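The values are calculated or read from the model by the stated rules, or taken from the named source; none is laboratory data. Everything quoted here is computed from the prediction, not taken from an experiment. FYI the Cβ positions are ideal-geometry reconstructions off the backbone, even for glycines, and counts take in every protein chain you see. For accessibility, only protein heavy atoms count, side chains too; no ligands or nucleic acids. Shrake-Rupley method; radii C 1.70, N 1.55, O 1.52, S 1.80 Å.
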Amino acid sequence: MGPTLTHVDADGRPRMVDVSAKAETAREARAEGRIVMAPETLALALSGGGRKGDVRAVAEIAGVMAAKKTADLIPLCHPLPLDAAVVSVEPSADGSGLTVNAVTRTTGRTGVEMEALTAVSVALLTLYDMLKAADRGMTIEGVRLMAKSGGSSGDWMAAA
């Protein structure tokens, strides 16, 4: 028998997981994703001089705002008091676009993986929105959890 889904009850109905009996622990999650674009679009994004301003800074702020609103967007997520949400947008190592990284932290009864993933996703969507006039063919890829720590399930890290 494989793993069980925690957001489904014995009758197959969706439910919010009851975490009231869990101890509060320090928890952290890291996520990443990237947006691939034409070289000219990347140059525009890095120049900070687009018509809509510094697209990287706006995307970073959007990611932080999204992390704080995760429970409003994902139906069964617990609302969490975030201790930190840090989002960065940097050129991808291969020069094909921009990579977004997010780190979220809380002290609580449940993890912050969804907050990190939401931060990355919304930051990437913001980049697309701000750059679409220059390049509608951009692609968003590789949004994934990189690592998590804390809680009863312990630490986890994505394979290299």
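Here are a few things to note about the model shown:
- Extension gain, residue 15-residue 152: 0.36 nm per intervening residue step, less the Cα-Cα distance, totals 47.3 nm.
- Debye-sum result for the chain in log10 I(q)/I(0), which assumes one identical scatterer on each alpha carbon, at q = 0.13, 0.14 Å⁻¹: -0.65, -0.73
- Globularity index of region 22-77, i.e. its alpha-carbon radius of gyration over 2.2 N^0.38 Å: 1.59
- A simple rule links phi to the HN-Hα coupling: the Karplus curve 6.51 cos²θ - 1.76 cosθ + 1.60 with θ = phi - 60°, which for region 31-46 gives 9, 8, x, 9, 10, 9, 8, 5, x, 5, 5, 4, 4, 4, 4, 6 Hz, with x for Gly and Pro.
- Considering only 48, 17, 64, and ranking their Cα positions along the charge dipole of region 12-68 that arises from unit charges at the beta-carbon of Lys, Arg, Asp and Glu, the one farthest toward the positive end is 17.
- Remark: region 137-153, residue by residue, has Karplus-estimated 3J(HN,Hα) of x, 4, 10, 9, 9, x, 5, 7, 6, 9, 6, 8, 9, x, x, 5, 7 Hz, where x stands for each Gly or Pro and the curve is 6.51 cos²θ - 1.76 cosθ + 1.60 at θ = phi - 60°.
- Alpha-carbon centroids, region 13-41 and region 111-159: separation in whole Å: 8
- Crossing angle, helix 113-131 versus the chain [Cα axis fit, 0-90 degrees, rounded to tens]: 20
- Candidate cross-link partners of residue 132 among the aspartates and glutamates, defined by an alpha-carbon separation under 13 Å and a same-chain spacing of 8 or more, comprise 40.
- Backbone HN-Hα couplings from phi across region 86-92 [Karplus 6.51/-1.76/1.60, Hz, Gly and Pro as x]: 10, 10, 10, 10, 9, x, 5
- Dipole-positive endmost among 78, 152, 92 within the chain (Cβ charges, Cα centre): 78
- Taking all protein chains into account, the per residue accessible area for region 33-160 stands at 51 Å² (1.4 Å probe).
- Among 118, 139, 110, the largest mean-square fluctuation in a Gaussian network model of the chain (Cα springs under 10 Å) belongs to 139.
- Helix-only mean residue ellipticity at 222 nm for the chain, each DSSP H run of n ≥ 4 adding -39500 (n - 2.57), per residue, nearest 500: -9000 deg cm²/dmol
- Charge dipole (Cα centre; +1 on Lys/Arg Cβ, -1 on Asp/Glu Cβ; no other charges) of the chain amounts to roughly 200 debye.
- On the chain, 57 percent of the accessible area sits on carbon and sulfur atoms, based on a 1.4 Å probe.
- Rounded to the nearest 20, the Cβ-based charge dipole of region 92-155 about its Cα centre (Lys and Arg +1, Asp and Glu -1) stands at 180 debye.
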